[in-house]
Amino acid sequence: MSIFETIRTANHNLFRNKVRTLLTIIAIFVGSFTIILNVAINSGVNAFIDEQTSALGGDNFIMLMSKDSESMMSEQMSASTGPQEFTEKANTAGVLSNQDIEKLKNIDGIDSDSFYSPTPLNGTGYVTSSKTDKKYNVSNAMILPPGNFNIPLAAGTLVDQTDEAKQKNQIVLPPEYPQALGYEKDEDIIGQKIIFALKDEFNNTFKDFEVEVVGVEANGIVSSQFGMLLSRALYDEMYEFATKHYPADYEAPTYYAMATFDNTRFTEDEIKQIIKDAGYSAWTINDMMGVIRAFFDVIMIVFTIFGGIALLAAAIGIVNTLLMSVEERTREIGLDKALGMSSGRIFGEFATEAILLGFWGSVFGVAVAMLIGTIVNIVVHQPGAFLEVFPTFELFKFTLGNVLPIIIVIMIIALIAGTAPAIKAARKNPIEALRYE
């Protein structure tokens, strides 16, 4: 008998008693449905956190700062409070001197080639548009850093870095700025011109720069460390304007530095201790994202345990279903053996029935979970829903890599549960079985 014939026969035998089989499949469905939803949530959360990690430069990314500025950085790393209306106030954050920068570069374990000191535009500025009479504070405007930064966007693209486009005045706005500037959706502001005004502190006047919006950053668990991203041409033009009255040897202040560290030689705790001993502070990716990841992992473990309990109950149902099937088909088993069917083949038929119970239950569980998960993903990103501000956060993420293993594991559990009834059927004495009433 071929494997396909064995499967067809086993499937036929299963549905002799449709009610009992369906109830067993439903029990497996409940367990598989619960587990696949948990796995999908876990995949969605981790994918979102990985995206945020990538946006910050990768697993060996490290942010370096003076101890005095750490409290200020903590405020910047908190959830975004959105655009604030323009007020003139001085930035009093601590800075890193050239001596500090050189000292940090020379710390053992820090990759000096990856070292980058973001230089936000100096001076007071605001953004506005023709669709509003309000002005909004500039949020840490700077050029896009070099390196492995994959900043997630809600709409549009990053500023064009090609040589042909370096003369374009382009900007990528932080989240919520399009709505503040009078545009209903992020997509509506792409390609539109807005006004970026910068103050000449010497003459106490503002100059308007007309800039094209090419992208809008997506909201994340950690607000973007880059703020408004400017094209090189726009940054250079603004920087020249903001510093034209400064001394010739003026250098813009550096508030923090970004780099990568050698994680093949040092753990995160070790490199942070080295930096602390040098008189500075440091944050790694795990400082920014690790607590959030651990929180979700604990929740997923708890829910997966509940799913496991449901599968255990389903496994007991499989044993009961197949034991009853063995009793009902005792005479049939005896006749099959009398006609020459081997014990191994009988074992195989009942084992296949157990596997099919697991297959049908898990497939239905996965199918319904994917349907519900897809609908929920759409609903939670609707206007006013709780994930509207995180457009790249896919709450339920279904992939072949997390769906297929669940189906296979449940089929294996079903096989294990069906082993005892299958052995019992295989060991039936044909003479006694034929006498069975």
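The values are calculated or read from the model by the stated rules, or taken from the named source; none is laboratory data. Not measured: the values here are computed from a predicted model. Cβ atoms come from the backbone with ideal geometry, glycine included; neighbour counts cover every protein chain shown. In case anyone asks, the SASA skips ligands and DNA or RNA and just uses the protein heavy atoms, side chains included. Shrake-Rupley method; radii C 1.70, N 1.55, O 1.52, S 1.80 Å.
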**Prompt:** Is it the case that some residue within region 345-367 is of a type in the set (A, V, I, L, M), open to solvent by 50 Å² or more (accessible area, probe 1.4 Å) and within 30 Å of the chain's Cα centre (by Cα)?
**Reply:** yes
**ASP59 vs. criteria more than 30 Å from LEU400 (Cβ to Cβ) and modelled with pLDDT of 65 or more** = no
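From LYS168, LYS207, LYS199, grab the single residue that is open to solvent by 10 Å² or more (accessible area, probe 1.4 Å), in a loop (DSSP other than H, G, I, E, B), of a type in the set (D, E, K, R) and at pLDDT below 95. Reasoning before the result, please.
Working: LYS207 fails: in a loop (DSSP other than H, G, I, E, B); LYS199 fails: in a loop (DSSP other than H, G, I, E, B).
So the residue among LYS168, LYS207, LYS199 that is open to solvent by 10 Å² or more (accessible area, probe 1.4 Å), in a loop (DSSP other than H, G, I, E, B), of a type in the set (D, E, K, R) and at pLDDT below 95 is LYS168.
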**Request:** Can you work out which of the residues in region 264-288 that are among the hydroxyl-bearing types (Ser, Thr, Tyr) and surrounded by 17 or more Cβ atoms within 10 Å (Cβ to Cβ) is farthest from LEU104 (Cα to Cα)?
**Result:** THR284
**Item:** Those residues of region 3-34 which are open to solvent by less than 70 Å² (accessible area, probe 1.4 Å) and of a type in the set (Phe, Trp, Tyr), in sequence order
**Value:** PHE15, PHE29, PHE33
**Asked** Of (1) farther than 30 Å from PHE202 by Cβ; (2) at pLDDT 85 or above, LEU230 satisfies all except one. Which?
**Response** (1)
**One residue from GLU176, GLU187 being of a type in the set (D, E, K, R), within 22 Å of ALA155 (Cα to Cα) and either modelled with pLDDT of 90 or more or open to solvent by less than 60 Å² (accessible area, probe 1.4 Å) (or both)** = GLU187
**Item:** Qualifying residues in region 381-429 (those that are in contact with a Lys or Arg (Cβ under 9 Å, 6 or more places away or on another chain) and outside any helix (DSSP H, G or I)) - the one surrounded by the fewest Cβ atoms within 10 Å (Cβ to Cβ)
**Value:** ASN429
**Asked** Got at least one residue in region 356-367 being modelled with pLDDT under 85 and of a type in the set (Phe, Trp, Tyr)?
**Response** no
